Amino acid sequence: MEELTLRTDDELVALFVSGCNEAFDVLLLRYQDRLYSYISYIVRNEDMADDLFQETFVKAIMTLRQGRYKHSDKFYAWLTRIAHNLLIDQFRLERNENILYEDDAENAWQTAALLEDTYRESEMVTEQVLNDVRRLMENLPANQREVVHMRFYQDLSFKEISDITGVSINTALGRMHYAILNMRRMAAQNHISLAV
């Protein structure tokens, strides 16, 4: 298994497809924390996050076994796209069944903080800014939170975000632009300084 950890994602996928189940175990270990964090931060419900996380990997396994994975994709971006689609399906189901959680489905979509300032005076100030930004992010529309989270916390390109969310690159850029404008407006209203 140690030898497998040195392999690229594409090599591991090829090994898994050819019958080496341990190769998928390495991929799971490589991305499970990051993907679970993404899902759980959006749904805010541990049981639902567990279910969606497992469903994402089951769907990934089935797709790989059917030979439908395109090697041109980045494996993590592909996993995130599967999770994103499952999240959308879940929220549509909830809307259709009028299931309500602490927040409505639109507000359940969240992302982590946006920090684009390049100058940092201290770790303490940076931590405070991150906390303030996270609180501001909670008030953004779901589609803006999602784009900001994917861009800054998953380090995805706008092309990858576009592919995962099923919108054009310009729409993804627009959502980021409006998220930044909204966060600046909320920061000003709440007398929060985002400059570090």
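Applying the criterion of being aliphatic (A, V, I, L, M) and under 11 Å from ARG81 (Cβ atoms) to the residues of region 147-163, the residue that is surrounded by the fewest Cβ atoms within 10 Å (Cβ to Cβ) is LEU156. For region 133-146, taking the residues that are surrounded by fewer than 21 Cβ atoms within 10 Å (Cβ to Cβ) and not in a helix (DSSP H, G or I), the one that is farthest from the chain's Cα centre (by Cα) is identified as ASN139.
In region 147-170, which residue that is part of a loop (DSSP other than H, G, I, E, B) and more than 22 Å from ARG92 (Cβ to Cβ) is modelled with the lowest pLDDT?
As a first pass, look at region 147-170 and keep what is part of a loop (DSSP other than H, G, I, E, B): 153-157, 166-168.
Pick out the ones that are also more than 22 Å from ARG92 (Cβ to Cβ) and you get 153-157.
Working: TYR153: 68, GLN154: 74, ASP155: 75, LEU156: 82, SER157: 86.
Checked region 147-170; the qualifying residue modelled with the lowest pLDDT is TYR153.
Residue-level analysis places ALA77 outside the set of residues that are in contact with a Ser or Thr (Cβ under 6 Å, 6 or more places away or on another chain) and at pLDDT 65 or above.
The values are calculated or read from the model by the stated rules, or taken from the named source; none is laboratory data. Being a predicted model, the structure only gives us computed values, none of them experimental. Here the Cβ is made from the backbone with ideal geometry for all residues, glycine too, and neighbour counts use every protein chain on show.
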